[in-house]
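Presented below is the structure to which this report refers.
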Amino acid sequence: MASPIRVLMTGDDLETPAACVLAPLGAILETMSGPIDRARMIATLAEKPFDAILVRANPPLDVTVLDAAGPSLAMISKMGAGVDSVDLAAATQRNITVMTAGDANADATAEMAIALILSLRRDVVRLDARLKAGIWDRGPYRATELRGQTLGIVGLGRIGRRVGEMARALGMKVVASGRPGAVASAQGGFAILPLDQLLAESDIVSLHCPMDASNRGFLNRDAIARMRPGALLVNTARGGLLHEADVAEALVSGRLGGAALDTLAVEPALAENPLLTAPNTIITPHIAAETEATIERIAVMGAENVVNWFSRREILVDRLVNRAVLPRLKDVSIL
């Protein structure tokens, strides 16, 4: 009789919905709660073999950690969309399939991006603070409407396309580009522009691309110089896409009209982060996808990836991240 599949889950807040999906597989599910660093991951994976890791948040899964997991590890399933904490090249080399929860968080994250765009453009946070300080701006204040403004979306995946649809419903012109060095597909009927042209033509730039070594810190002083003076910046992707000191400098000088950020390069926020004191800035604690419905969906979809792989030998290709592993997989159905 074959041994049961062993699944390691980082974060116990999603254990119940994941366990319900894994139950027919007869899997042994073990959870790690609290802060998880490289040393703890190595110790846990070296203690006993695991066939799959269900990943919540971003514990480091680099070469050293994957080596500690040994040859038993066949799958990493991210309960979310970002996989920047996973060394994809090392995973592929070891024939480890890396998958995500598909579009489980697309609606919630897109809604947050639009909320941040509206809050910035209509000065919601600043006006609230001024009113509570006894300043009534009703007479002299004049806002700028979103209708007729150009929204530039960098990264036209599921979330980026959903943001574009919402923005278009608000009367905005929507243009899009791929991440730096990539070309976006024309899905969604949006105009596809080179990144430099998008930066130059957009009133608001919203980031929705994955982060890796090729684009870390790409939104820097040079990129800002190509943007329209006074343009707004919104980031619900990864904080590391920004060169934070350059963005803060541009906010202080007025080169950027404002920034609304749901993520930072280092989280929780460091007290010395210059963005915390920059003007015209809204920062939220990486909560764009934190809705009740989304949290359950990512657990279910993440666990479904494990069940499909180990019981049915199936891969939903739109959830697969490291497609370079496909030629090495035997007896697997690609759906």
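Just so you know, all these numbers are worked out from the coordinates, no wet-lab data involved. Computed from a predicted structure; not experimentally measured. Glycine also receives a Cβ, built like all others from the backbone with ideal geometry; neighbour counts cover every protein chain displayed.
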In the chain, once you exclude exposed chymotrypsin sites (Phe, Trp or Tyr not before Pro) (DSSP loop, at most 16 other Cβ within 10 angstrom), what's the longest stretch remaining? 142-335
Lysines within cross-link reach of residue 78: Cα-Cα under 27 Å, excluding same-chain residues under 8 positions apart? 48, 330
Could you work out how far the C-alpha centroid of segment 147-180 sits from that of segment 255-305, in angstrom? 19 Å
Which GluC sites (Glu not before Pro) does segment 286-335 hold that lie in a coil by DSSP with at most 15 other beta carbons within 10 Å? 290
Binning at 5 Å from 0, report for segment 49-132 what percent of all alpha-carbon pair distances ends up in each bin. 3, 13, 19, 16, 10, 8, 8, 8, 6, 5, 3, 1, 0
Taking each pair of distinct Cα atoms in segment 161-317 once, what is the resulting Kirkwood hydrodynamic radius in Å? 17.3 Å
With springs only between Cα atoms under 10 Å, which of 222, 62, 137 fluctuates most in a Gaussian network model of the chain? 137
Please state, to two decimals, what the Cα-based radius of gyration of the chain comes to when divided by 2.2 N^0.38 Å (N = residues). 1.07
Non-local residues with an amide H under 5 Å from the amide H of residue 234, with H modelled 1.01 Å from N and Pro and chain starts lacking one, are 205, 206, 207, 260
When only Cα pairs under 8 Å and 6 or more residues apart are kept, what is the percent relative contact order across the chain? 18 percent
